[in-house]
Structure formats: structure tokens, C-alpha cells
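> I have a structure here, written as C-alpha cells, and I will follow up with some questions on it.
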Amino acid sequence: MAAADANNEPLLVVEDYEVGFRTERGLARAVDKVSFELDRGETLGIVGESGSGKSVLNRGIMGLVSSNRMIEDGSVLFDGGQMVNRNRQEFWGAKIGMIFQDPMTSLNPVMKIGKQIFEPLRQHLGLDKGEAETRAIELLTQVGIPEPARRIKQYPHELSGGMRQRVMIAIALAAEPEMLIADEPTTALDVTVQKYILDLLRQLQLDRGMAMTLITHDLGVARGRTDNVMVMYGGRVMEHAPTDTIFAEMRHPYTEALLASVPSLKHAKHTRLTPIPGAPPDIVNPPPGCRFSPRCKYAQPKCTEQAPELNEGEHRYACFYPVGTDASAEALEKNMAQGHTATGLKIGLAPAKAAG
Amino acid sequence: MAGSGSAHLRNERDDILIRVENLVMEFPAGKGQVVHAVSDVSFDVAKGETLGLVGESGCGKSTTAKAVIQLPPPTSGSVNFNGTDLTSLSGEELRAMRPEIQMIFQDPISSLNPRRRVHDIVSEGLQIWSTKAERGAFSEGRVDEIIEAVGLDPVEAHKRRPHEYSGGQCQRISVARALVLDPQVIICDEPVSALDVSVQAQVLNMLEDMKERYGLTLLFISHDLSVVKNVSDRVAVMYLGKICEIGDGDEIFANPVHPYTRLLLAAVPDPDNPLANESETLVGELPSPIDPPKGCRFNTRCPRVQDKCRTDEPVIEQIGDGDHWTACWYPVLEGVGETPVATPTA
């Protein structure tokens, strides 16, 4: 592929990607027909609650969930090459780097920091020991670790949590990957350290023109740190749009509900929060129709009969009664008048009693 | 950071339920070294109030809360609960006090016994504390009432064990277990940190309802500033074993004056963060509590540090004339005195 083309083609093209796990109760569809594209240099925020499939999606793409209970279908093209149902080890580190939530379990506790960074350098870049050490010190300097020459001789337990995550980033970036998967990279860290790590990731990404998927349950992080946001629920994409658009004009009731449930600094003390009633769906036996319908205040009979498809375009959403349209206003009015939605969720002026 | 001093204690009020004075908690670290986990912390909590304790990992917020219930007893200082100094009580006297102060923890699943049925978990406190005559009908009714109050089905609770409930439901069970003995105080140690946002909102609302219904006083520990702002009447910001700012929650979040509070708040990824455009970032690493900095403990990382901060420890002083106190020689005073932007709602 010519260099000029390379900049126009998306780096990652995911189409109807599915990951399922065979369980005693049946097939658990953790990722169910997900499609999206990721451009070079783009940061895509993937947002959703536990069990929404956001982590499995990314680990599936990387080939990190393979087991004989797992089935995978669809297409994932990385730089034109198919990744699904084949060994993806050649991508690990070299083309796609990955950082995880808990740096302590990702680092080898009995191996010095330096050696853990040398490994990708020697394996992927073919550096000798001396070169690898020089490069490791450079990398640690880039991620803001003071006294790198001393640190490479230390073990992970001698570093603070934020420092360990910086080491993880240095390892992930060592082989200069074109894409970084950051799976809740700051969830275990304090806010001040989180800010530092997110600033650092942004800077490194800009310097290297690297694409990134940032998986997070924190909508504030997604809002401030991404170009586009994809909202997942029960293994499906509910909404996908440029970050500014999704927060200003969200269309999916789940996105709206998720945002409304977060406590905000602008609220005065003891402001009543707006939880999402009910619990996330069972992915072995998902509810018929739209998976969010049992918890949705707009739900109509159609929502329980038919699953809405994602529309095409820059702002994609899968909903028959999108938020901010006349259709949703009418649907809500109808539900308020009858006191419940089509799925039997009680709504009205009094806040529904939380059940989860 | 801060500092010692007790100017912020509300001596004039007669509804103070907990009063902690000059609390010090030290742990041996081997080789004759000492971890200064909490150093000379004082605060009070009025009846029906929620005090939020915020700060980063290692600031001593959990240690402070646990010292209140004498787990373990503090190295020095006093904890006055309802007129009794808990530090002076004998083992049996302290045990008799225990039903009054209950605790709920961060991980709802590991804090419940997986082998026991939920009804039994909730009723255990009553089994221990009720007299023979009270056991049976009385306690059964009480357990069912509490389980229903926290939003669970009392009939199901007789049959099911914790693993059959979700994380949010397990946290409701923890709350029920704490409530069953009709305590005056509940210490909540990061009670919603392990929960998804939608469930977090359910549990926070439930806690507020329980506080209202049973007239509880809460000591609420969290690293999440938005959560703390939402549930607390008063907030204490801690750093390295000291209180750096304390007072009315809305006031502190609207006009933070301590440089550490400002940096902490500026780091919160919230679009409505009043300090979101603050360019300062907290630099450097947290100093070791084995050898904390002299003077103000925050001086090694403070953007406003002066020579005085490195030698003299600041004492807690009032800011303006409201409920706002800080321990800092050079607080950021712009904006103080203006009306807080947030207005209380019912």
C-alpha cells in the first residue's frame, strides 16, 4: 500500500464482529455483531458498564480470549490484514500495544523493570543488550519516570501505582506499535495520577500518530480524552459519534440514562441522582427486541418485537425513538400517561423504586 | 499540608455526636522506623450530618475512620462519642458500644460470607445483641423490614446466598446488616467505588433514604470527589495524614483555597469542573509517611511553596466567616467571600 493511501484508509475495520462463549446455559454473546472503523491517529473511547462487552471486544480483536469455549466470527482488518480466527501473536506489541487496568498483575513481580522493557525491544526491534538498555532508559524518560537508570534495576513492587502504569506504557510503546489498546488504564489510580497518565498518553499519541482505543466506564474521561465515542450495552453498539456530538446531542436513551446517573461537581450537596432502573441484560438470554428496552423509559411495543439497527453516517445510533426527536417525546408522554412502559417498567412523577 | 489545630471544632454546638481530637495513628515499620499514618487530626460530626473524607491513596482517610471505632485504637488522641471517650473504655465497655457504630466496606462481595443465606447474614447482629425474650418474632420482623427498606425481597433473602445477587444488591445487603442494630453512625469506606455508575446512583440514593429514615450520621470515605460532594454536608480533604481543608461541602468545592485541594479538584475529569482549565498538575511523588516532610507536609509538591512552609507547620484557620477552614500559610483567596455557585436543593 502506498504511503499516501495509507493515511486515508482506516487502520482498523471491524465488521459484524462476534465473540461468544459456550456456557452450560447456552451461548453467551459477549460481543454481538459489532462494526466500527478506527483511523490512524484517532482516539476512540469505548464506554459501557461491566458486562457490556467493551473489554471482550478489544481482547477478542487481539486474540487474547481464545479458548475452546470461545467462538469468533465476522471480520477485523488491521491495515488490510484479516485478524479473525488466526494466530495474532505477530501483532502483539509490534503492531498493537496494550495496557491494562492493573499494572501490578500485568508486570512480572520477580523480574526487574529493565528486563521487562528489554524484551519487546530485543524481540521486535532486534536490538542487542546495550542498545536495548539505552532505548529502555529513553522510553522511561519519555513516560516521565525520574532517575530511569536506577529504576531499570528495580522490581515492580518498589514503584508506586502511577509509576508502574508508566512502565506498562513504556513496554507497550517499546516496539512502536501503530495502535494502542488502553483497557481502563487509569481506573486503579488516583485522580491526580490519572490526569498525568491521560495527558501522557495524549502526548505520546500525538508524537507518534498512533491510533488508540480507550476503554473506560468513566464518562468524564471519555469526554475529555477522545475524538469519537462508542457506547456499548449487552454486547452491542448503541451509539457511536464524534465526542462533542454524543455529549451534546445524544440520541440513544441508554447514553442519556448513563450520563444522567453520574454525580456531577455542579450539583449541590444531596442532589437526588437518577439511576438506571433494573440491571444489565443476561447475554445468554437477552431480552427480545432492543436489549435496553426493559430499562428504557421510552420503550414501546415495537422495541420488544424488533431489534433496532444502527443507522449509517457519522452519528450512528440504534433506536426507534431517538432522544431529542418528536418520536421519543410522544413515546415518553404515552408511557407517562399509562404509568408504565411497554416492558412494564413503572414510570411517573414519583421516582421509580430502584431494584438493582 | 497541613496541619494541626482545632479551631474548626464546633464547641458551641450541643448536637455533636463524634468529636475526634488530636488523633495520631502510628505503625511500626521495622528497624525502629515509624509510619506516621495519621498525625494530629481533629474533627467533629454533628448528629444527622454526613462528613466526607477525601484524599488520595495513602492519605490516611480509612485509617482515621477505623481509628474512630478503635480498630485499632489510636496511638494517641481522643475519640468522643456521645459524651464517652472511646479510647478510655475497657474491652467489654467498648464491645457494648459497637452496635452504635457500624461499618460498610468497598467490596460488597468479599465482605459477605458466601456460605450463609442473606437473611442469616443480616440477622446475625440481632442474634448476638438481643435478649432471649426479643429473639424470635421481634427479630424476624426487624430483619424483614430492613431487607425490604434497602430494596430487596425479604422472602428471597431466606433462600439465597450472596453470589446470587449482583454487586449493587450485595452492597444493599451490607447496608441492611449495618442497619439492623439501629446504629447511630455508619462508617462507609468507599461504598460505591466498585460499582457501575448506574448502580452507584441506586446505592447512593438508597443510602440517603436510609439516612433520612433511620436518622443516621455518616462518615463517608471516597476518593471520588463528585460522589463525596453529592452525599456530604461537610468535607475534609486529607493529605499524608493531615487535614488540609475542612468545612461546608458546597463552599469548599466552590472556593477551594488550599493548593492541594485545588490540584485534586482540577484533576477530576468532569466537564462542569470549575477548575478544569487549571494548568497546574500535581508533580512529584507522594513522600513516604515514614519520614514526612517538615513544616507543611505538602511543601514538596506545592506550587505556592515558600521558605516558611518548609519549616513551620500551618495551623487550621478560618477562611472568611463561614464554615470553611484550612491549614495553609498561603491559601488561594481569590473568589472567597462570593456567594457559592451551588444552591442547596431538597
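The values are calculated or read from the model by the stated rules, or taken from the named source; none is laboratory data. Everything quoted here is computed from the prediction, not taken from an experiment. Using ideal geometry, Cβ is built from the backbone for each residue, glycine included, and neighbour counts are taken over all protein chains shown. Heads up: the accessible areas ignore ligands, DNA and RNA and are worked out on the full protein's heavy atoms, side chains in. Shrake-Rupley method; radii C 1.70, N 1.55, O 1.52, S 1.80 Å.
Table: residues versus (1) surrounded by fewer than 14 Cβ atoms within 10 Å (Cβ to Cβ); (2) away from chain B (no Cβ under 14 Å); (3) basic (Lys, Arg).
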{"residue": "A:Ile246", "(1), (2), (3)": "no, no, no"}
{"residue": "A:Arg251", "(1), (2), (3)": "no, yes, yes"}
{"residue": "A:Arg272", "(1), (2), (3)": "no, no, yes"}
{"residue": "A:Cys296", "(1), (2), (3)": "no, no, no"}
{"residue": "A:Asn311", "(1), (2), (3)": "yes, yes, no"}
{"residue": "A:Glu314", "(1), (2), (3)": "yes, yes, no"}
{"residue": "A:Gln338", "(1), (2), (3)": "yes, yes, no"}
{"residue": "A:Ala342", "(1), (2), (3)": "no, yes, no"}
{"residue": "A:Gly348", "(1), (2), (3)": "yes, yes, no"}
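> Enumerate the pairs (first residue in segment A:119-136 and without any contact (Cβ under 8 Å) to a residue 60 or more places away in the chain; second residue anywhere and charged (D, E, K, R) and in a helix (DSSP H, G or I)) with beta-carbon separation below 6 Å, excluding pairs fewer than 6 apart on the same chain, so at least 6 apart or on different chains.
As it stands, the answer is A:Leu121/A:Arg135; A:Ala132/A:Arg122, since those pairs meet every condition given.
> Search segment B:222-246 for residues being within 12 Å of another protein chain (Cβ to nearest Cβ) and part of a strand (DSSP E or B), and hand back the single one that is farthest from B:Val35 (Cα to Cα).
Checking each candidate, the answer is B:Arg234.
> Related question: Among residues belonging to segment B:264-301 that are hydrophobic (A, V, I, L, M, F, W, C) and within 18 Å of B:Gly60 (Cβ to Cβ), point out the one that is farthest from the other protein chains (Cβ to nearest Cβ).
Across segment B:264-301, the extreme among qualifying residues is B:Cys296.
> Go through segment A:217-243 residue by residue and tally those that are modelled with pLDDT under 95 and more than 14 Å from the chain's Cα centre (by Cα).
Summing the residues that are modelled with pLDDT under 95 and more than 14 Å from the chain's Cα centre (by Cα) in segment A:217-243 gives 1.
> For B:Pro99, are the conditions met, namely being modelled with pLDDT of 90 or more and either surrounded by 15 or more Cβ atoms within 10 Å (Cβ to Cβ) or more than 23 Å from the chain's Cα centre (by Cα) (or both)?
So B:Pro99 fits the description; yes.
> Follow-up question, since we're still on this one. I'm checking my understanding of the structure. Among residues of segment B:64-84 that are free of Cβ contacts under 8 Å to residues at least 40 places away in the same chain and either among the hydroxyl-bearing types (Ser, Thr, Tyr) or open to solvent by less than 50 Å² (accessible area, probe 1.4 Å) (or both), which one is nearest to B:Ala37 (Cα to Cα)?
In this case the residue turns out to be B:Gln70.
> A follow-up question, please. Any idea which residue in segment B:253-263 is nearest to the other protein chains (Cβ to nearest Cβ), counting only those that are closer than 18 Å to B:Arg297 by Cβ and of a type outside the set (Val, Ile, Thr)?
Looking at residues that are closer than 18 Å to B:Arg297 by Cβ and of a type outside the set (Val, Ile, Thr), I get B:Leu263.
> While we're looking at this one, here's another question. Give the residues of segment A:68-95 that are without any contact (Cβ under 8 Å) to a residue 24 or more places away in the chain and polar (S, T, N, Q), sorted by residue number.
The first filter runs over segment A:68-95 and keeps only residues without any contact (Cβ under 8 Å) to a residue 24 or more places away in the chain, leaving A:68, A:81-83, A:85-86, A:90.
Across segment A:68-95, the qualifying residues are A:Asn68, A:Gln82, A:Asn85.
> Now for a separate question. I'm checking my understanding of the structure. Among residues of segment B:185-205 that are of a type in the set (S, T, N, Q) and within 18 Å of A:Thr187 (Cβ to Cβ), which one is least open to solvent (accessible area, probe 1.4 Å)?
Only one residue fits best here, namely B:Ser198.
> If A:Leu198 passes every condition in (1) modelled with pLDDT under 90; (2) surrounded by fewer than 22 Cβ atoms within 10 Å (Cβ to Cβ); (3) not in a loop (DSSP other than H, G, I, E, B) but one, which one does it miss?
(1) is the only condition that A:Leu198 fails.
> Return only the number of the condition from (1) surrounded by fewer than 22 Cβ atoms within 10 Å (Cβ to Cβ); (2) modelled with pLDDT of 90 or more; (3) closer than 26 Å to A:Arg29 by Cα that A:Leu214 does not satisfy.
(1)
> What number of residues within segment B:151-187 are of a type in the set (A, V, I, L, M), outside any helix (DSSP H, G or I) and under 26 Å from B:Arg95 (Cβ atoms)?
Here the count works out to 5.
> Report whether or not B:Pro269 is part of a loop (DSSP other than H, G, I, E, B) and either in contact with a Phe, Trp or Tyr (Cβ under 9 Å, 6 or more places away or on another chain) or touching a residue at least 24 places away in the same chain (Cβ under 8 Å) (or both).
In short, no.
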